[in-house]
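Asks: Shown below is the structure under consideration.
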Amino acid sequence: MTIEEKDAQALDAYSHAVTGAAERVGPAVVRIDIDREGGRLSRPLFGGGLGSGFIFASDGQILTNAHVVANARRIRVTLADGRVFDAGLVGAEPDVDVAVLRIGADHLPVAELGRAPLKVGQLVIAVGNPYGLNWTVTAGVVSALGRTLEGAFGSSKMTNLIQTDTPINPGNSGGPLVDSHGRVAGITTAMLPMAQGLGFSIPLDTMKSAIARINQRRESTLSSAGVSMGVGGMRVRLDESVRKSLNLAQQFGMEVVEIRHDSPADHAELKRLDVIISADGEPVTQPGDLQRTVRRHRSSDKVPVSFLRGGKLRRVTVIL
């Protein structure tokens with residue numbers, strides 16, 4: 001094989017990786033338009049009111065940047081299939097620039113969240129709506145990890161960011177940064193004006209923790225008489241080999257990413273990264289399932305919980 005043929009083969013493999021990743025995550029990417037307080041629909045300015053997001057739960061939950069939806073009077077979400085919805089703000093974590101939205105739709109395509117950390121030099125792909133150019137795909141590599149950005153979006157400091165050379169422009173904010181398999185590894189959050197090849201994204205662990213805290217606050221608001229399990233998590237796809245070995249019918253569970261200290265879940269010795277699959281005999285495929293189960297109970301009730309840890313099925317009893 002000649003050098004030219006080898007180069008062509010390598011380029012073809014790169015193209016396949018990028019196109020495959022884009023096709024996998026693309027249907028879950030959304031455009032977000034904001035009507036600010038006292039104003040008309042925002043123009044797509046840097047850090048302004050036009051941005052991106054992605055669906056992470058099929059019941060209409062969407063992840064984006066907190067700065068994209070800050071001070072919003074109205075939030076409109078456009079799906080990849082062209083449908084447009086008004087969205088509500090479920091919660092936001094401005095310190096880490098993460099927000100969760102919800103639209104009135106079910107059975108939506110979902111972006112799969114990754115589990116393995118990124119490495120410097122790894123291929124990454126960003127999908128978003130720069131300058132209103134919908135569903136634009138750009139690719140690059142991870143330039144560095146653990147970066148700190150001072151004074152971004154009113155925050156005193158953003159830490160542990162992913163630095164990439166992936167082209168990022170106004171409107172990309174809130175969109176997914178994915179690996180070569182199309183799994184979400186971060187949320188695109190910032191660029192440096194006048195700089196080229198400098199983009200920053202929020203890493204997966206920070207994103208998951210923010211979702212968990214938002215869900216915990218929502219759980220506390222929705223739970224009757226203050227009954228709570230004290231655990232926050234997010235929907236994840238179960239490993240196929242584990243499903244088969246344990247003969248599980250469900251495809252999803254709730255990965256624990258946050259446990260409140262001295263809470264019922266803490267006392268029951270649940271741990272981060274445990275994947276809850278049932279509570280009180282009912283399947284748990286996402287945080288909402290667990291919340292509904294908890295709301296049926298009172299303080300001091302005992303709730304049996306089944307979960308996966310290290311590929312093995314375990315059970316505990318949680319006293320609410």
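The values are calculated or read from the model by the stated rules, or taken from the named source; none is laboratory data. Keep in mind that what you see is a predicted model, and the values were worked out from it rather than measured. Cβ placement follows ideal geometry from the backbone for every residue including glycine, while neighbour counts extend to all protein chains displayed. Side chains are part of the model used for accessible areas, which takes the heavy atoms of the whole protein and leaves out ligands, DNA and RNA. Shrake-Rupley method; radii C 1.70, N 1.55, O 1.52, S 1.80 Å.
Asks: In whole percent, what relative contact order does segment 223-320 give with Cα contacts below 8 Å and a gap of six or more residues? Each step should come with its number before you reach the end.
Replies: Numbers: 195 pairs, mean separation 29.1, N = 98.
Dividing the mean separation by the residue count of segment 223-320 yields 30 percent.
Asks: Can you list residues from other chains, or at least 5 along the same chain, whose modelled amide H is less than 5 Å from the amide H of residue 258?
Replies: Those lying under 5 Å, H to H, from residue 258 are 232.
Asks: A follow-up question, please. Can you spot the lysines whose alpha carbon is less than 29 Å from residue 312's alpha carbon? Ignore those fewer than 8 places along the same chain.
Replies: 119, 208, 244, 271, 302
Asks: Right, next: Principal axes first, then extents: for the Cα atoms of the chain, list largest minus smallest coordinate on each axis, whole Å, largest first.
Replies: On the principal axes, the chain reaches 64, 61, 37 Å in Cα extent.
Asks: Right, next: Would you be so kind as to identify which of 189, 249, 294 lies farthest towards the positive end of the dipole of the chain, taking Lys and Arg as +1 and Asp and Glu as -1 on Cβ and the Cα centre as origin?
Replies: 294
Asks: Still on this structure: Give, as a single signed number, the net charge of other residues whose beta carbon lies under 15 Å from the beta carbon of residue 199, with Lys and Arg counted +1 and Asp and Glu -1.
Replies: Values: positive: 147; negative: 97, 165.
So the environment of residue 199 carries a net charge of -1.
Asks: Counting Lys and Arg as +1 and Asp and Glu as -1, what is the net charge of the other residues whose Cβ lies under 15 Å from the Cβ of residue 182? Walk me through the numbers on the way to the answer.
Replies: Working: positive: 24, 115, 183, 237; negative: 23, 112, 179.
Net of charged neighbours comes to +1.
Asks: Another question, then. For segment 171-320, what does the accessible surface come to per residue with a 1.4 Å probe? Please give it in Å². Before the final figure, lay out the partial values.
Replies: Numbers: 6800 Å² over 150 residues.
The answer is 45 Å² per residue.
Asks: What is the gain in length, in nm to one decimal, between residue 309 and residue 296 on full extension, counting 0.36 nm per residue of separation less the C-alpha to C-alpha distance? Provide the component values of the computation, followed by the final result.
Replies: Details: separation 13, 0.36 × 13 = 4.68 nm, distance 2.62 nm.
Extra length available between residue 309 and residue 296 comes to 2.1 nm.
Asks: Let me ask something else. Report the net charge of residues surrounding residue 296, where surrounding means a beta-carbon distance below 11 angstrom and charges are Lys +1, Arg +1, Asp -1, Glu -1. Show your work: numbers first, answer last.
Replies: On the way: positive: 292, 295, 298; negative: 280, 282, 301.
Once positives and negatives cancel, what remains is 0.
Asks: A further question follows. Ignoring ligands, DNA and RNA, please state the percent of accessible area on the chain from carbon and sulfur, probe 1.4 Å.
Replies: Working: 7540 of 15040 Å².
Of all accessible area on the chain, carbon and sulfur atoms account for 50 percent.
Asks: Further question: Which one, 135, 281, 52, projects farthest toward the positive side of the charge dipole computed for the chain from Cβ point charges (K/R +1, D/E -1)?
Replies: About the Cα centre, the residue reaching furthest to the positive side is 281.
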